[in-house]
Structures are given as C-alpha cells and as structure tokens.
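Student: Below you will find the structure I want to go over with you.
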Amino acid sequence: MCVIARCAFRVALIVLGAACTLATSIPSALAQSWPQRTVKLIIPLPPGTGTDIAGRLLAEHLAERWGQPVVIENKQGGDGIPAVTAFLSARDTHTLLMSFAGIVTINPLTHERLPYDPAADLVPLVQVSDNFIGVAAATSLKVASVADLIRAARAQPGKLNWAATPGLPYYIVLALQQSAAIEMVPVGYRDFAPALQDLTTGRLHVAATGVPPLLPHHQAGTAKILFVTNRERSPQVPEVPTAKEAGYPDLTFEGSIGLFGWRDMPPYVRERIVRDVQAVAADPAFRSRLIAGGTVSRSGTSEEFAATIAEQRKQIAAIHRAFAKPAQ
C-alpha cells in the first residue's frame, strides 16, 4: 500500500471512530438534558391509597434528581381506563403513568372493548413498589386461619358471603374458592367503605383488599386478616402469614405497581427513567418511608417488570377461564 493510500486509510479510520463516538454520545447527551420542564405522573387511584403515597414519594425523589417539578394527577375510577387514555392521548415525554398491572392483565378480560391495545400501546418501564393485599374474615365468624375459614365454608356451602375491591383482590377470592373447592356468595358494593363496615358487624363474612384499609379493623379486633397474598409478609402486620406459609402457595399474587411508557417513546427517555427510578428504589430513605406507608420498594429492569406482568396475566387468565360463564 502506497504512502498516500495508507494516510487516506488512517484518516478514514479516524473519521469513522469520531462518528461512532458522536453517535453513541448523542443519546447520552439527550438523556442528560431530559426533562426540560415539569413532569406529570398520572395515577389511576385516589389520593391516600398505597399507590398514590408511593407515587408522591417517588415524585419527590425524582424531582431532586431531575431538577424539575414532578406533579401528581389522580385520575381514578374506571379500572384505570381514564388514566391510561389520558396518558396515551398526551403522548408526551414529560407525562408518565404509574399504575397497577391490572390495566394490561385484567382489563382485557373484563372489558369487551378497550380504547387502547394492552399488548402494544403500553410498555412496562420499571417496577416501583408492591402493595400488600389481605384476605380478612369477620371476627364473628370465629376463624383464626385460612384453614378455619375453609372448614367453615365447607360446613355451610353457599352460606358465607364475600366482597373484594375490583381487580386483583376480586380474582384472589375466586382463586381461593377454586383452590380450596369451596363456594361463597359474592356481594357487590359501589363503594368499599360500607363493605368494611359490614365486615366489622358480621353482615359480611370475608373481604379482600389492600392491607391499609383492613389494618384498623384488624388492630381493633373487629376483623382478622388471615393471610397476605404477597411473597413476603406485610411490614404493617408481620404476624400475618403469607398465602404460601398458610399452605396455599398458588394464592401468591403480587400487588405490582410500576411506571409505563407509550409505544415508540424515545429510548433515551426510557433509559433515563429506568436508571433514575432504580437509583431511588435503592435509597434507604425512600425504602423506609414506603414501608411506613404499608408498601415495599421493588425495582429491577424493564424486562423483569414485563416478566412480572406476564406471570400475573397468566395467573388471572387461568382463574377467569375457570369462572367464566358459558355462552347461553
């Protein structure tokens, strides 16, 4: 190779290397420049719920890292559909969605039509926390464990009644009946506060919902939380066993809460969000404040969050098939 050719080749390598360096540095620079303004975090539940509390704590920590305000918008009701619709309609890199997994695992089973495609429109970014779900019995029922409840239900087929908040808690009670081969009568409530009141008076026998709403009644002795469905015990009721410890590992369900992105969200935004949420989730101050509110910190990769959602989808679909009414 002549001297001129060798020089040209070296110049080409230098130019190529510089181009590659520039190409890899652009996403990093974009990620560091985001966000440029206030970030909105949409939550499909009302203020004061475990998810709302976790979201506000997360927003506080992310605002410190991002140097921009992070505000909460509660769009409750409708199984999370209004929140999802608002999020997807915005299609804005500064609007995020923090939600329970049911928007993609349960809604497709319980709604004939959805204004969004759960499989394509919503992208799991990163898990934030786990809400604890408890199954409680009225004190008047005089059961001390889930085994006692099952015996009572078998002794009185179709006599015991139950209620659950929509979504995952509802399916958990169905799963309990399927697993234990018992039959209880569902009672519908437009608002769950009266259900808890009926539980304390014995008009309602069994209730399933988040641990925080059950906690005052459990502590007062007017209801008893028999087990939590999570893989670990709730820090608020450490004396209450998990479903696995109670002998029913197939009733293990996580109350997974996490951030979702929209289809084609810029990769540099996704990567920045995931990286910073992971950092916040590892912060001892954040973790301890979550525990004080009755939830626990969870994080991991986008792939791990997607796998958690896929597992819940599989669990719920099996229960739904078992209880689906045959076509008339």
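The values are calculated or read from the model by the stated rules, or taken from the named source; none is laboratory data. The model shown is predicted, which means the values in this text are computed figures rather than measured ones. Glycine also receives a Cβ, built like all others from the backbone with ideal geometry; neighbour counts cover every protein chain displayed.
Student: If I go through the range 275-299 residue by residue, how many of them are under 19 Å from Ile103 (Cβ atoms) and not charged (D, E, K, R)? Show your work before the answer.
Tutor: Within the range 275-299, the subset under 19 Å from Ile103 (Cβ atoms) is 277, 295, 298.
Checking which are not charged (D, E, K, R) leaves us with 277, 295.
The qualifying residues number 2.
Student: Another one. Among the candidates Arg270, Arg287, which residue alone is farther than 21 Å from Asp121 by Cβ and either among the basic types (Lys, Arg) or assigned to a loop (DSSP other than H, G, I, E, B) (or both)? Explain how you work it out, then say what you get.
Tutor: On the way: Arg270 fails: farther than 21 Å from Asp121 by Cβ.
Only one candidate qualifies: Arg287.
Student: So is Leu226 among the aliphatic types (A, V, I, L, M), assigned to a loop (DSSP other than H, G, I, E, B), crowded, with 22+ Cβ neighbours inside 10 Å and in contact with a helix residue (DSSP H, G or I) (Cβ under 6 Å, 6 or more places away or on another chain) or not?
Tutor: Values: among the aliphatic types (A, V, I, L, M): yes; assigned to a loop (DSSP other than H, G, I, E, B): no; crowded, with 22+ Cβ neighbours inside 10 Å: yes; in contact with a helix residue (DSSP H, G or I) (Cβ under 6 Å, 6 or more places away or on another chain): yes.
Spelling it out, it is not the case that Leu226 is among the aliphatic types (A, V, I, L, M), assigned to a loop (DSSP other than H, G, I, E, B), crowded, with 22+ Cβ neighbours inside 10 Å and in contact with a helix residue (DSSP H, G or I) (Cβ under 6 Å, 6 or more places away or on another chain).
Student: How many of the residues making up the range 237-266 are part of a loop (DSSP other than H, G, I, E, B), of a type in the set (Gly, Ala, Ser) and buried (at least 21 other Cβ atoms within 10 Å of the Cβ)?
Tutor: Step one: filter the range 237-266 for residues part of a loop (DSSP other than H, G, I, E, B), giving 237-241, 243-248, 252-254, 263-266.
Subsequent filtering for residues that are of a type in the set (Gly, Ala, Ser) retains 243, 246-247.
Right, trim to buried (at least 21 other Cβ atoms within 10 Å of the Cβ) and you get 243.
Going through the range 237-266 one residue at a time, the tally reaches 1.
Student: Could you list, ordered by first residue, the pairs with Cβ atoms under 7 Å in which the first is in the range 46-67 and modelled with pLDDT of 95 or more and the second is part of a loop (DSSP other than H, G, I, E, B), at least 6 apart or interchain?
Tutor: Going by the 7 Å Cβ cut-off, the qualifying pairs are His61/Asp283; Ala63/Pro69; Trp66/Pro35.
Student: Among Gly134, Gly80, which is the only one that is within 30 Å of Ala223 (Cα to Cα), of a type outside the set (S, T, N, Q) and in a helix (DSSP H, G or I)? So that I can check it myself, show each step before the final result.
Tutor: Values: Gly134 fails: in a helix (DSSP H, G or I).
After applying the criteria, what remains is Gly80.
Student: Next question. Return the only residue of Ala163, Ala120 being in contact (Cβ under 8 Å) with a residue 24 or more places away in the chain, within 28 Å of the chain's Cα centre (by Cα) and not in a strand (DSSP E or B).
Tutor: Details: Ala163 fails: not in a strand (DSSP E or B).
Matching residue, one of Ala163, Ala120: Ala120.
Student: Another question, if that's okay. So which residues in the range 259-312 are within 18 Å of His94 (Cα to Cα), more than 16 Å from the chain's Cα centre (by Cα) and not aliphatic (A, V, I, L, M), if there are any at all?
Tutor: Matches in the range 259-312: Trp262, Arg263, Asp264, Pro266, Pro267, Tyr268, Arg270, Glu271, Arg272, Arg275, Asp276.
Student: Can you tell me which residue in the range 201-222 is farthest from Ala246 (Cα to Cα), limited to those that are touching a Ser or Thr at 6+ places or on another chain (Cβ under 6 Å) and crowded, with 20+ Cβ neighbours inside 10 Å?
Tutor: Out of the qualifying residues, it is His217.
Student: Can you name every residue in the range 306-322 that is of a type in the set (A, V, I, L, M, F, W, C) and either touching a Phe, Trp or Tyr at 6+ places or on another chain (Cβ under 9 Å) or not in a helix (DSSP H, G or I) (or both)? Full working, then the answer.
Tutor: Narrowing the range 306-322 to residues of a type in the set (A, V, I, L, M, F, W, C): 306-307, 309-310, 316-319, 322.
Hits for the range 306-322 are Ile316, Ile319.
Student: Let me ask something else about it. Within the range 86-117, how many residues turn out to be of a type in the set (A, V, I, L, M), farther than 30 Å from Val228 by Cα and not in a loop (DSSP other than H, G, I, E, B)? Quick ask: steps written out before the conclusion?
Tutor: Taking the range 86-117 first, the residues of a type in the set (A, V, I, L, M) are 86, 88, 90, 96-98, 101, 103-104, 106, 109, 114.
Narrowing further to those that are farther than 30 Å from Val228 by Cα: 86, 88, 90, 114.
Next, from what is left, pick out any that are not in a loop (DSSP other than H, G, I, E, B): 86, 88, 90.
Qualifying residue count, the range 86-117: 3.
Student: Taking Gln278 as the residue in question, decide whether it is buried (at least 21 other Cβ atoms within 10 Å of the Cβ) and not charged (D, E, K, R).
Tutor: Working: buried (at least 21 other Cβ atoms within 10 Å of the Cβ): no; not charged (D, E, K, R): yes.
Criteria not met by Gln278.
Student: Oh, and also: Could you look through the range 40-70, keep only residues that are among the β-branched types (Val, Ile, Thr) and closer than 18 Å to Gly261 by Cβ, and pick out the one that is nearest to the chain's Cα centre (by Cα)? Working first, answer last.
Tutor: We begin by selecting, within the range 40-70, every residue among the β-branched types (Val, Ile, Thr); these are 42-43, 49, 51, 53, 70.
Right, trim to closer than 18 Å to Gly261 by Cβ and you get 42-43, 51, 70.
Details: Ile42: 14, Ile43: 11, Thr51: 8, Val70: 20 Å.
Out of the qualifying residues, it is Thr51.
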